[in-house]
1. Could you please let me know if residue B:283 is part of a helix (DSSP H, G or I), without any contact (Cβ under 8 Å) to a residue 12 or more places away in the chain and surrounded by fewer than 16 Cβ atoms within 10 Å (Cβ to Cβ)?
2. Using the structure shown, decide if residue D:222 is within 14 Å of another protein chain (Cβ to nearest Cβ), assigned to a helix (DSSP H, G or I) and surrounded by fewer than 23 Cβ atoms within 10 Å (Cβ to Cβ).
3. Just checking: which of the helices (runs of 4 or more DSSP H) contained wholly in the range D:482-571 hold 1 or more residues that are in contact (Cβ under 8 Å) with a residue 40 or more places away in the chain and in contact with a strand residue (DSSP E or B) (Cβ under 7 Å, 6 or more places away or on another chain)?
4. What are the residues in the range D:245-281 that are part of a loop (DSSP other than H, G, I, E, B) and over 29 Å from residue D:727 (Cβ atoms), if any?
5. How many residues are surrounded by fewer than 20 Cβ atoms within 10 Å (Cβ to Cβ), facing another protein chain (nearest Cβ under 7 Å) and assigned to a helix (DSSP H, G or I) when one looks only at the range B:163-178?
6. Looking at the structure I just gave you, is residue D:217 within 18 Å of the chain's Cα centre (by Cα) and either more than 9 Å from every other protein chain (Cβ to nearest Cβ) or modelled with pLDDT of 95 or more (or both)?
7. If I ask for residues that are away from chain C (no Cβ under 13 Å) and part of a loop (DSSP other than H, G, I, E, B), which ones from the range B:373-407 would you list?
8. Considering B:288, B:244, B:261, which residue is over 18 Å from residue B:324 (Cβ atoms) and either in contact with a helix residue (DSSP H, G or I) (Cβ under 9 Å, 6 or more places away or on another chain) or buried (at least 16 other Cβ atoms within 10 Å of the Cβ) (or both)?
């Protein structure tokens, strides 16, 4: 799973498989982070708005 | 009492009645939990599996629920990628069913493995050449995606919706849902396929083995395809069942009709591919290994040619024909028959790919291996059903799953 | 490379003479004793009975008095498949089973295996066994356990290892004596060594000096389920046509391999 | 800050999230998997220095040279000894010896039965009690009512027991009979000297076996297997004649199914063909000069054993008989084997003699690939025991089993007659019984009869290492060391070249047991007087050392000493020729072959026993590993299967696995049915060695002891048990 696992080999199948995996995880992670940060900012904005 | 949690503008049964219903389901759930604990603490000798049946009821259940949960990715794919916007009226439910199916599958796998505490080795010491590794990775990643798809709906609960952060989060996630859906579809394509690959790559098991392209046997594509075809049918089936139980119309006919029509075409094309696959397997793959088709459908008390007919004709061609024709879809009885047959069909397919593969002898001096599950296996397989029903009950009660419910069931 | 080629890779395998095998079961007990295979009070449920080496009884299907039987010992075939692509090795999700390209031995790491049993589904020889329960040795009997093989815990798959630990012991001994090579008879599996009929011959299939090299070339030699492409390293020899035919699947009108 | 429900929840959520991102869950995950890899309840074999010790296995009469692998002071493995010696080998039973050594059914200390319960006693106490009783018996002038059943007659331990009986004053030393007894008889009757055969199977080119279980436990199994493999390597022929496709028949080049009990008829039929075609002339130019009684024999076979008659009786086609006889005589070095199955019952003398006539006609005595006639190893040269008057008087009392006298003049021991003798007298003629190296209550046919007799015997002392069936009936048990814990000379004389091997202790005794040799010496010493005088040795080890002094060097080096001195011994007495018929054999009414017991009408089927390497049926019982190898068509749960031809099964409306009630004139048993094309219609077979009531939970209660269903048939010629089966009937349950 990680290059520091002792079974890791830098061959094509590892790169393709793990590449695909981390690519997908990356998209999902980035998307989620984006949503959370945006929501956090918006909610604090709204909060402030609410006060004013 | 719990009215604050119930979405606005819809009617729900009394809390008392709801509690009784949940209690009844919990009883079934507990039965399964007891069996599950027995398996964990006493070991898999609690099952009727044996050295000829390393894979049995649970693996079938896994494959089946994942195929049936395929409605989530395919409906998502249709809505977000293809742009069939009407499907927004059913996508929530498809996602919920998906979440249930996928969590159930993971639970069953956790019971099924001999050393559950080591099951994370599949990730840590991953063998990238194994179809099961691919399944494990894609399946768990996709479950994350499904949960992400489910979260906005959860946040729409009246109580949670009051929190600005969650409301915004829900809104934002809705906005980029296409990205998630696309990733989900990508992952689903692979794990559905890999599940097919699980059986198809077994070159020591002529019943399951299929040739293919590159590293993927034909079953890889057939599984994805059939999940895409039959998953939505299961979504429709559960929707209709929910309507029956709640005694309300929840989704408009045109939405269901659209989904069913697409399913019909998917099923139709799938079954053609399946027939071609079966023919190629029988005519070319098997004889090379010294087998003929009938070897796998004779000399045993259960697996006859009937099962092939049931899978391909009765649960394949017939429902496909009904679902493709608009007349068939209009006729309520025919329509439901087709939906049920399609669901059964994919279950039979997963059954034979797992159980018949184990049953059929390969060495000439061995006979057929027959198996029936122990009560522990049955109970743990029913456990997800109870769990699913409870999940749906709560979700239906407290979340605005069906956008058309208010319109279809106005409160006076 | 010239240096490397001196250490030619080994391919350990067996030739089992079914004309000699009497079905006595000594190989099974030798194996169980060598490899700490557990036993229970009731072992008559054969699908829940761990026998790395199992002797099958084949019947020719004819009626009395034309009936004939033949015994066929079945260890793990240590399939080579296509360049190490054994049916079980490629499917194990956690690399708990591996094909050693230096010896041709398919290993099983019990502490790595988490019991998914995919390898059992993959193996057409039913050579893999699952520990459905915790092994129990009655009080006192744990004394005969062999320290060179770790007893398995429940929930993992096990199988014949070609007594790989005996190879290690032989190598260690040779090393201690300052040799870099071991002789044919220094590494023999427990079953091959025990067989009272000398029906099992074990050695390096790549080594011209080893008996297996010569024996496997006999025209009456066959392997089990060769047509599936498993490329097993266990060869069988029988002078009886029906036995050779029973080694693989053939269509009705197809002739068996010569 | 006030903690309300709201921030309590947030706190909880925060804490959970915090934990999830901390190393804790990962650490726990890792630790839990490491725990599963080292479960405290999974045993870890203690390591230690590995060593290899050679010894001789005595679990059966084969006496193989084996090597024991030890780790520290533990025995972990039994292996065949790597040596060119013919007696180096191992079988499934020998491989089980580590399991048998540490078996839970070992008797861990001397036991005494008090009110039907076992009480632990010390060795001293046991010896004292036995001596006390024996003293009393002697005082009452009943010394001859002491009997001893010994598993073997050869070697120092049986010799010590026999010596004890002599010194004590009893003629009733009885050994467990086997095919070896009949071998000895056949050759001493026809070859003029006491000699035993060694069939040179490996070098023969045509082996005809009349039901001999060459690969089913006969003789020394490991050596027999090796010989068979050489036969296969040399592409020589093996013909197996028996009603069931046994493992031997399956390996044979030809299997000739025969109606059981008619093997002798077939042999004489073949003899008729050989004589009629004068085939023997080719072999023996000077036939008349080396045989006696040939004309008489010729007249007999010509009269009663015409091809047609023989074919009708045996069920074998005439042309097959002719071909077999011709092939036998055409061969360079043919040999005919006799003795059924593994050879645990002696069988009919005439049948064995009939088969051996074929060897005589082929003239293969003392020739490569034929039958060597050898004398028994004779190395125990002790001085005669000292007899006092009491002993001298009683030693000449009549033997209880009647052996050596009257119509039993040929036999030396007749254990099979004992139950009847005991049961037929009002009080038991045996007051005191030693049982050593044997389990007669289990191994003798007609269990009910045997049980009655054993129950009648007032006092039984067992020397068994295991809680077997006979030991369970004893009053005192003085458990012997297991063979891996003791010294003993092992004499092998079972159809292959005789040898003497030396069993050496590999480990110190793990329980409070005593060597039977030491036990009997101690008892003798406790009795005092001439009995003690007759045992001048301090202990068994010195006795053995003294006895083997001359052969010490050979045995130390190779563990074995092969005795071939007897080759020239045959034909030494009398005519110096092979005697087809002589005065002695005329006394035994010729050529009556023993039929099965039971009325054919009431019992239309015939039950025969079959022996299997995977089921030990003698004194040593199965190890758990061995039982594990037994097929589920032999034992399923606790049910035993009988084999039956599908045709016969159909007549009884029986299908595979169906339950049936098997009834014989001797008993009833519930069995299950296994359809087998390899058995003659009308015959059913059952494995021997199952149905133990003694031992441990790995063996007790599995199947049925066939001896409960089969009776004894006294061979009219020899007095030995010659039963090979019994008539039976099946009923569906």
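The values are calculated or read from the model by the stated rules, or taken from the named source; none is laboratory data. Since the model is a prediction, treat every value here as computed from it, not as a measurement. Positions of Cβ are backbone-derived with ideal geometry, glycine not excepted, and every protein chain shown enters the neighbour counts.
1. Yes.
2. Values: within 14 Å of another protein chain (Cβ to nearest Cβ): yes; assigned to a helix (DSSP H, G or I): yes; surrounded by fewer than 23 Cβ atoms within 10 Å (Cβ to Cβ): no.
When the stated conditions are applied, residue D:222 does not pass them.
3. D:516-527, D:540-548, D:552-558
4. The answer is D:253, D:277, D:278, D:279.
5. 2
6. no
7. B:373, B:399, B:400, B:401, B:402, B:403, B:404
8. Values: B:244 fails: either in contact with a helix residue (DSSP H, G or I) (Cβ under 9 Å, 6 or more places away or on another chain) or buried (at least 16 other Cβ atoms within 10 Å of the Cβ) (or both); B:261 fails: over 18 Å from residue B:324 (Cβ atoms).
Among B:288, B:244, B:261, only B:288 is over 18 Å from residue B:324 (Cβ atoms) and either in contact with a helix residue (DSSP H, G or I) (Cβ under 9 Å, 6 or more places away or on another chain) or buried (at least 16 other Cβ atoms within 10 Å of the Cβ) (or both).
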